[in-house]
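Okay, so here's the structure we're looking at.
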Amino acid sequence: MVVVAGPAWWLRGPFAPVLALVALAAPVLVGHTLTATPSWLMLTGDAVHLAAAAFWLGGLVGLVAVTVPGRVPAGDAARVVARFSGGALVSVAALAASGVAMAALVLPEPSALVDGGYGRTLLLKVGVVVAAVVLAAWNRFALVPALRRAPDREAWPRLRRMLAKEAALVVTVAVITGFFTQLDPHDAHHHVQAPVTISADSQGLRVDGEASERGQALDLSFGLAYRGSAVTDGEVAVQARLPEQSLGPIRAEARFEDGRWVASLPLPVEGAWQVQFTARVSRFESPIALVTVDVAGS
């Protein structure tokens, strides 16, 4: 936001495409993209998905501006709209292909589309996208050819309104995406495993508790003591790594409830995860204890 609001020279020359790429790539680094495997396929699909959506929405905004009466000659505007429509079809195909690939990687099984909040929100997003595609097809195959054959005073405002509606639908898709990327794809398929005992003693920090699998989440319930004194407040953080697959760190803040610290980590892959506990016991001391938890996956 600072860059966009700054001096105009940031938006000229080589800066504009670089900043645009940075802004476009940022969402790839959050949400379930980081936990799905194979990670290279998920990251590629997410990047293609974002690029296609950016082309579609950005192009629509430009078309709404181009179709303002009197801004450009009618013939030129019609050619611009027709040219963009061809590119938009490619972007929609890329959106569909990448979306299907990512859904296949993230969802545990097809029934998750209707059983869980993540799947139902995904279906809502698909429905809005379909509505936007219908509008785009109407613009491309009905309004634009009619304009090129016999442009009139009423046709351009009608096209501009349709483009604005299409853009509004694409913005709605972006808003829905922002919500559902924070949901758990496995929320309707949590299979709880029997808890296992965990314990560690390092740097004066003692950890004793239990770890249990719930779907692709590892739930932790534990007690902490530092140099023999119970730790019941302050900042306690948990993070996990899977060195053999270079995954992590996956972080979570622990909270103190009913005399125990609790935390939940989304661990999507089976293996021997290294779980690190960090407690800030004073201004200058944050001892660390490490345990290994074998995650079977679900």
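Kindly establish whether Asp46 is assigned to a helix (DSSP H, G or I) and modelled with pLDDT of 80 or more.
yes
This table checks each residue for (1) under 30 Å from Val126 (Cβ atoms); (2) aromatic (Phe, Trp, Tyr); (3) at pLDDT 90 or above; (4) surrounded by 19 or more Cβ atoms within 10 Å (Cβ to Cβ).
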{"site": "Gly178", "(1), (2), (3), (4)": "yes, no, no, no"}
{"site": "Ile198", "(1), (2), (3), (4)": "no, no, yes, yes"}
{"site": "Asp201", "(1), (2), (3), (4)": "no, no, yes, no"}
{"site": "Ala211", "(1), (2), (3), (4)": "no, no, yes, yes"}
{"site": "Gly215", "(1), (2), (3), (4)": "yes, no, no, yes"}
{"site": "Leu224", "(1), (2), (3), (4)": "no, no, yes, yes"}
{"site": "Gln245", "(1), (2), (3), (4)": "no, no, no, no"}
{"site": "Trp261", "(1), (2), (3), (4)": "no, yes, yes, yes"}
{"site": "Ala279", "(1), (2), (3), (4)": "no, no, yes, yes"}
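List every residue pair whose Cβ atoms sit under 9 Å apart, with the two residues 6 or more apart in sequence or on different chains, where the first one lies in region 116-132 and is in the same structural domain as Ala174 (by TED's automatic domain parsing) and surrounded by fewer than 17 Cβ atoms within 10 Å (Cβ to Cβ) and the second, anywhere, is among the aromatic types (Phe, Trp, Tyr) and modelled with pLDDT of 90 or more.
Correct list of pairs: empty, since none qualify.
Give the residue that is modelled with the highest pLDDT, with candidates limited to residues of region 281-298 that are under 22 Å from Asp201 (Cβ atoms) and of a type in the set (Val, Ile, Thr).
Step by step, filter region 281-298, then rank; the result is Ile288.
The values are calculated or read from the model by the stated rules, or taken from the named source; none is laboratory data. Model, not experiment: these values are computed from the prediction. Positions of Cβ are generated from backbone atoms using ideal geometry, with glycine treated the same way; all protein chains shown enter the neighbour counts.
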